[in-house]
Amino acid sequence: MTKAKSADVFKITLRNDYAFKKVFGTEENKAVLRDFLDCVLDIPAQDIEDLELLDKEFHIDSVNDKTGILDVKLRLKNGTIIDIEIQNRWNDEFVQRTVFYWAKMYTENLQKGDMYTKLPKCITINIVGEGFKLNELLHSEYRVLEKRLYTELSDELEIHFLNLAAAKKQPVQVESDEKTGRLVNWLKFIETDDKEVRAMLADNSPVMEQANETVDVMLQDPKERWLYENRMKYEHDKASWEHFGYTKGARQKALETAAVMKSMNYPLGDIHKITGLSEEEIADL
């Protein structure tokens, strides 16, 4: 297969965290990142202008690390720290995980003896591919509010969820200058692996055209494609591990339930119907 033909059949989606960071987490694509943040955050555009990328290097060890996520981390000129992470699948620990990583980001730069007023505002933006369960919204924003008055305790905690599955159902927002319309287009750009769809979206935005050019460079570069596939393989492996863990946990629960029912002298047939275990497995308990 020739290089040209290989690039033609190879597909890239920014749901892959390596590809996402190549597009949104590099110095040359700061304009892309600024435009995306402007769609997501309710802050003046000038506050995003002089952003500083943190952890912007692509070390081969981090790309090959099967325990980590290649996120995009940055600091605004007012000191606000933002972390953007893409996750292909929702899971039951997602909320606790994102709160934990927000807390770690909030406290990691506080030195012994520092006043708490030095703690920065921290924002996490979670882009979720499939299975988002909190609500049906395209964009959710969570803060700490008083339960009855809805007054904000502090603006230092801000957690966003962007639902790619919801964006996929939306039509392309043609010539839209509104933040919501631009955000829909960005999320569709991130979700798709179809280069024709990306090209159509890029036709409506010079900044998105710049992002699309970065993807095109990846398509033509064998090393970039290898790195992309390496991260994609990790995603497939992780999905298999999670499924195995769920299956193993469900079986353990069935065994525990059967043992309790057997101790209460339920008929074997009833235990089989409720737990799905065979009568031989139940008899061995």
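The values are calculated or read from the model by the stated rules, or taken from the named source; none is laboratory data. The structure displayed is predicted, hence computed values, not measured ones. Counting neighbours? That spans all protein chains shown, and the Cβs are built from the backbone with ideal geometry, glycine included. Please note that ligands, DNA and RNA were not included when accessible areas were found on the heavy atoms of the full protein model with its side chains. Shrake-Rupley method; radii C 1.70, N 1.55, O 1.52, S 1.80 Å.
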Subset of the stretch 107-125 (residues that are surrounded by fewer than 16 Cβ atoms within 10 Å (Cβ to Cβ) and β-branched (V, I, T)): T107, T117
Verdict on K169 being open to solvent by 80 Å² or more (accessible area, probe 1.4 Å) and more than 28 Å from P120 (Cα to Cα): yes
Candidate set: the stretch 217-251, residues that are of a type in the set (D, E) and either closer than 30 Å to F94 by Cβ or modelled with pLDDT of 95 or more (or both); chosen: the one nearest to the chain's Cα centre (by Cα): E235
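Which ones in the stretch 265-285 are assigned to a loop (DSSP other than H, G, I, E, B), within 13 Å of R251 (Cα to Cα) and not hydroxyl-bearing (S, T, Y)? If you could, list the steps in order and put the result at the bottom.
Going through the stretch 265-285, the residues assigned to a loop (DSSP other than H, G, I, E, B) turn out to be 265-267, 276-278, 284-285.
Subset that is within 13 Å of R251 (Cα to Cα): 276-278.
G276, L277, listed by residue number.
A quick yes/no check of all residues on (1) polar (S, T, N, Q); (2) not in a strand (DSSP E or B):
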position	(1), (2)
T98	yes, yes
G113	no, yes
I125	no, no
F132	no, yes
L137	no, yes
R143	no, no
S154	yes, no
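When you look at E57, is it more than 14 Å from the chain's Cα centre (by Cα), at pLDDT 95 or above, surrounded by fewer than 14 Cβ atoms within 10 Å (Cβ to Cβ) and of a type outside the set (G, A, S), yes or no?
On the way: more than 14 Å from the chain's Cα centre (by Cα): yes; at pLDDT 95 or above: no; surrounded by fewer than 14 Cβ atoms within 10 Å (Cβ to Cβ): yes; of a type outside the set (G, A, S): yes.
No, not satisfied.
Quick one: in the stretch 185-207, which of the residues that are closer than 12 Å to F36 by Cβ and over 16 Å from the mean Cα position of the chain (by Cα) is modelled with the lowest pLDDT? First the steps, then the outcome.
Narrowing the stretch 185-207 to residues closer than 12 Å to F36 by Cβ: 185-187, 189-190, 205, 207.
Next cut, over 16 Å from the mean Cα position of the chain (by Cα) only: 185, 205, 207.
Numbers: N185: 96, S205: 92, V207: 96.
Across the stretch 185-207, the extreme among qualifying residues is S205.
Among the residues of the stretch 135-166 satisfying the criterion of being of a type in the set (S, T, Y) and open to solvent by 50 Å² or more (accessible area, probe 1.4 Å), which is modelled with the lowest pLDDT?
Quick first cut of the stretch 135-166, residues of a type in the set (S, T, Y) only: 140, 142, 150-151, 154.
Add one more test, that the residue is open to solvent by 50 Å² or more (accessible area, probe 1.4 Å), and what stays is 142, 150-151.
Values: Y142: 97, Y150: 93, T151: 96.
Checked the stretch 135-166; the qualifying residue modelled with the lowest pLDDT is Y150.
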